[in-house]
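Visitor: I'd like to ask you about the structure that follows.
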Amino acid sequence: MSNTEWIEINRDALTGDLETRVQALLGEAFPEGSSTNGDYYAFHGVPDRILIAREARQVVGHLAVYRRQVKMGDEVLEIGMIGAVAVAPDHRRRGHCRLLLQRAHDDLRARSIPFSILFAFEPRVYLSSGYRLMQNETHFLDVDGAWKTFVYRGSMFAELTERPWPDRMLELAGGVV
Ligand SMILES: CC(C)(COP(=O)(O)OP(=O)(O)OC[C@H]1O[C@@H](n2cnc3c(N)ncnc32)[C@H](O)[C@@H]1OP(=O)(O)O)[C@@H](O)C(=O)NCCC(=O)NCCS
């Protein structure tokens, strides 16, 4: 933990050995959905910011921050959407995920973005970072190309400012990550 280096980078700047190691971590964590020529981002969309935890040359943690214009009720607003959260198996349960989320939230707050959302496999992981399960219906583009509306299982929100999460339908204007 003491030797962890935290990197914040844009997709364009992620190249070479660091990129190879990031793609390997993502391929291992998400074997079902990572290959478009081994480029996780080509498949899931290019994030606005990429957060990486590194120890020596080993990439031990990764998180992708997307900023998305959504509609909630009549209001158009920009929110953060977190994806590709992965920690190397031998580095789990040491708070890396929590620290990556904290940095992502700082980044979003600096842009006055009031909410962050994510779609969790294991919602329990995100409770201590302030996420709660959504009760809202979400309108989103599914992987099968169809637009769907339902309370997405594992969808969670975090309030980053004073503003409470609106109890309105969330129109995602795209897919989930
Ligand atoms: C999920 C994952 C990112 C967690 O990373 P991590 O660095 O081990 O998480 P942290 O150590 O920061 O733990 C955060 C919290 O989640 C809890 N937690 C971690 N893994 C958990 C698990 N598998 N089941 C239940 N709770 C878990 C921790 O106890 C901690 O709780 P606390 O803050 O209330 O004490 C990591 O296990 C992983 O990469 N899994 C495979 C990929 C994946 O499923 N990604 C998530 C996509 S939604």
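Visitor: So, counting K/R as plus one and D/E as minus one, what does the shell of residues with Cβ under 13 Å around residue 122 add up to? Let's see the in-between values first.
Guide: Working: positive: 92, 93, 124, 153; negative: none.
Summing Lys and Arg as +1 and Asp and Glu as -1 gives +4.
Visitor: Here's another thing I want to ask about it. Tell me the relative contact order for the chain as a rounded percent, counting alpha carbon contacts under 8 Å between residues six or more apart. Don't jump to the answer; show the numbers that get you there.
Guide: Numbers: 334 pairs, mean separation 33.3, N = 177.
Normalised by residue count, the contact order of the chain is 19 percent.
Visitor: Measure nothing but the geometry: give the 0 to 90° angle between the long axis through the Cα atoms of 16-29 and the longest principal axis through the Cα atoms of the chain, rounded to 10°.
Guide: Taking the Cα atoms of the chain, the angle to 16-29 is about 60 degrees.
Visitor: What 222 nm value per residue comes from the helices of the chain, counting each DSSP H run with n ≥ 4 as -39,500 (n - 2.57) and dividing by all residues, nearest 500 deg cm²/dmol? Please list the in-between numbers first.
Guide: Values: 3 runs with 34 residues, N = 177.
Here the helix-only value at 222 nm equals -6000 deg cm²/dmol.
Visitor: Sticking with this one: Between residue 42 and residue 90, how high is the FRET efficiency from 1/(1 + (r/R0)^6) when r is the Cβ-Cβ distance and R₀ = 25 Å? Nearest 0.05. Display every interim value, and only then the final one.
Guide: Working: r = 28 Å, r/R0 = 1.10.
E between residue 42 and residue 90, to the nearest 0.05, is 0.35.
Visitor: Here is a follow-up. Whose amide H sits under 5 Å from the amide H of residue 48, counting only residues 5 or more places off or on another chain, with H placed in the peptide plane?
Guide: Distant-sequence amide H within range of residue 48: 65, 66, 67.
Visitor: Continuing with this model, one more query. Can you tell which of 15, 138, 149 shows the greatest fluctuation in a Gaussian network model of the chain with Cα springs below 10 Å?
Guide: 15
Visitor: Under 10 Å from the Cβ of residue 19, count the other residues' Cβ atoms, weight Lys and Arg +1, Asp and Glu -1, and hand me the total.
Guide: 0
Visitor: If you don't mind, another one. I need the phi-derived Karplus couplings for the stretch 68-80: 6.51 cos²θ - 1.76 cosθ + 1.60, θ = phi - 60°, integer Hz, Gly and Pro marked x.
Guide: 9, 7, 10, 10, 10, x, 8, 9, 9, 9, 9, 10, x
Visitor: How much net charge surrounds residue 111 when only the other residues with a Cβ under 9 Å from the Cβ of residue 111 are counted, with Lys and Arg +1 and Asp and Glu -1? All intermediate terms of the calculation are to be shown ahead of the outcome.
Guide: Values: positive: 67, 109; negative: 78, 107.
Charge balance in the 9 Å sphere: 0.
Rule-based calculations on the coordinates, nothing more; no lab input. None of the values given here were measured: they were computed from a predicted structure. Note: ideal-geometry Cβ built from the backbone for every residue, glycine included; neighbour counts use all protein chains shown.
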